[in-house]
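Have a look at the structure below before the remarks.
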Amino acid sequence: MNLLNQYGVPTPKSKPAFSASEARDVAKNFGTDKLVIKAQVLAGGRGKGYFAGPNGLKGGVQMVESPLLWSTDNPPRMDNSPEQAEKYASQMIGHKLITKQTGAAGRVCNAIMLAERRNPTHEYYVAILNDRGLGGPALVASRQGGMNIEDVARDDPSAIITAPIDFHAGLSQEKALEMADKLGFKPETREKAADIFVKLYKLFKDKDATQIEINPLAEVEGGDVLCMDAKLGFDENAEFRQKDIFDLRDFSQEAPSEVEAAKFGLNFIKLDGSIGCLVNGAGLAMATMDVLNLNGGSPANFLDVGGGATAEAVKKAFELLLSDGSVKSIFVNIFGGIMRCDVIAEGIIMAARELEMTIPLIVRLQGTKENEAKELIRESKMKIFAYDHLDEAAAAAVKAAQ
């Protein structure tokens, strides 16, 4: 919200709180009698989510009434006062919110946001994205906002309007007004909407964003147009010049294993299966997971060690795999192009010895220094099962995990 406001994009007035008592104080001094309290979790579907635990709060977005006038004749009620904000905050902060996007693991809520409640008269969807088909950025919008845009695109593709944007020239006022008219904004709000579109693109370009998504963008009672909720994504390759943006990164919202992997240059994503995967190259990693599925197995992770991994990085990769108690076998699939097979083999042997690996380890090494790698494995005299063919190796990994 602060970033949007820096670019002159209007939003409801909002203030964060990091404890239940702070939420009470914020509500007491907010200056309006109708508030919304929102769990600050980096995932969509918060309103329909629920907090973990047998008595967990239902919904990460709740309505709060905060009286402006306090008097002995009209004392605040528990269900209609800053105490209500405090109660909701205590049920949110420190607890895991589970939504459609988080999966069963959920994500911990470390803060809440209290925002003024503004009643929409109509809700729209607006986003600025990089469009591969257009070869540049695009303004993507729909009159059907405030809901899952993927469902709208599936059920009524004609409801999605896309307009290309000249990367350097930006979005002109003329084009922005044209989009506002297509979306059906009222005569008294069309210029306000167009102004928001132009400012959103400036934010997109200035901050090296990959995604600026406003859902909903709302016409509200009183004639204002406000960005009610937002999802912003940024290009990691631009971190060196966007320090202020990347300083906002909240590692508590990410899987610890993924954060640890990134320190070693490993691309790691936790999945739900039982076969640990270690592969070089994102494409081969995807193909490996597909082959495991075709053979009746399920991958426990996506792990791309890249082309420049050292033996130490490979050892760290094994530590990540073995830290997952659901992993029953490990499948290493390496195509030696930039990455040398013997370096991977050294890492495998080092990890197997130092980590006292007991689960089955299936290895397929092909390409640069392949023969040297296989010789290292043979000389190690360890229970590492080497295969030449992908299907055969995948079938062995699946069988070992059963």
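The values are calculated or read from the model by the stated rules, or taken from the named source; none is laboratory data. For clarity, every value in this text was computed on a predicted model and none was experimentally measured. All Cβ positions, even for glycine, are placed from backbone atoms using ideal geometry, and neighbour counts span all protein chains on display. The area values use the complete protein model at the heavy-atom level, side chains included, leaving out ligands, DNA and RNA. Shrake-Rupley method; radii C 1.70, N 1.55, O 1.52, S 1.80 Å.
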Tabulated pairs, the range 231-243, first in contact (Cβ under 8 Å) with a residue 60 or more places away in the chain and open to solvent by 60 Å² or more (accessible area, probe 1.4 Å), second among the charged types (D, E, K, R) and not in a loop (DSSP other than H, G, I, E, B), C-beta under 7 angstrom, 6+ apart or interchain: 231/213
Of the criteria (1) modelled with pLDDT of 95 or more; (2) open to solvent by less than 40 Å² (accessible area, probe 1.4 Å), which one residue 182 fails: (2)
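Being β-branched (Val, Ile, Thr) and within 19 Å of residue 258 (Cα to Cα) is the requirement here; does residue 348 meet it? Don't jump to the end; show me each part of the working.
Numbers: β-branched (Val, Ile, Thr): yes; within 19 Å of residue 258 (Cα to Cα): no.
Considered against the rule, which asks whether it is β-branched (Val, Ile, Thr) and within 19 Å of residue 258 (Cα to Cα), residue 348 comes out as no.
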Residue in the range 268-278 that is touching a strand residue (DSSP E or B) at 6+ places or on another chain (Cβ under 9 Å), over 22 Å from residue 336 (Cβ atoms) and among the aromatic types (Phe, Trp, Tyr) present: no
Any hit, the range 40-55, residues being open to solvent by less than 40 Å² (accessible area, probe 1.4 Å), in contact with a Ser or Thr (Cβ under 9 Å, 6 or more places away or on another chain), modelled with pLDDT under 90 and within 17 Å of residue 24 (Cα to Cα): no
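For the range 197-206, check the following and say yes or no: at least one residue is aliphatic (A, V, I, L, M) and within 22 Å of residue 44 (Cβ to Cβ).
Let us first name the residues in the range 197-206 that are aliphatic (A, V, I, L, M), namely 198, 200, 203.
Checking the rest, the ones that are also within 22 Å of residue 44 (Cβ to Cβ) come to 200, 203.
So far as the range 197-206 goes, yes, one or more of its residues are aliphatic (A, V, I, L, M) and within 22 Å of residue 44 (Cβ to Cβ).
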Tally of residues being within 16 Å of residue 344 (Cα to Cα) and either open to solvent by 50 Å² or more (accessible area, probe 1.4 Å) or outside the structural domain of residue 289 (by the TED database) (or both) across the range 362-382: 9
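For the range 19-52, which residues satisfy the criterion of being charged (D, E, K, R) and part of a helix (DSSP H, G or I)? Show your work before the answer.
Within the range 19-52, the subset charged (D, E, K, R) is 22, 24-25, 28, 33-34, 38, 46, 48.
Listed by number, the residues that qualify are 22, 24, 25, 28.
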Some residue of the range 107-130 being open to solvent by 70 Å² or more (accessible area, probe 1.4 Å), under 27 Å from the mean Cα position of the chain (by Cα), without any contact (Cβ under 8 Å) to a residue 40 or more places away in the chain and not assigned by the TED database to the domain that holds residue 197: no
Any chance residue 268 is open to solvent by less than 40 Å² (accessible area, probe 1.4 Å), out of contact with any Cys (no Cβ under 7 Å at 6 or more places or on another chain) and aromatic (Phe, Trp, Tyr): yes
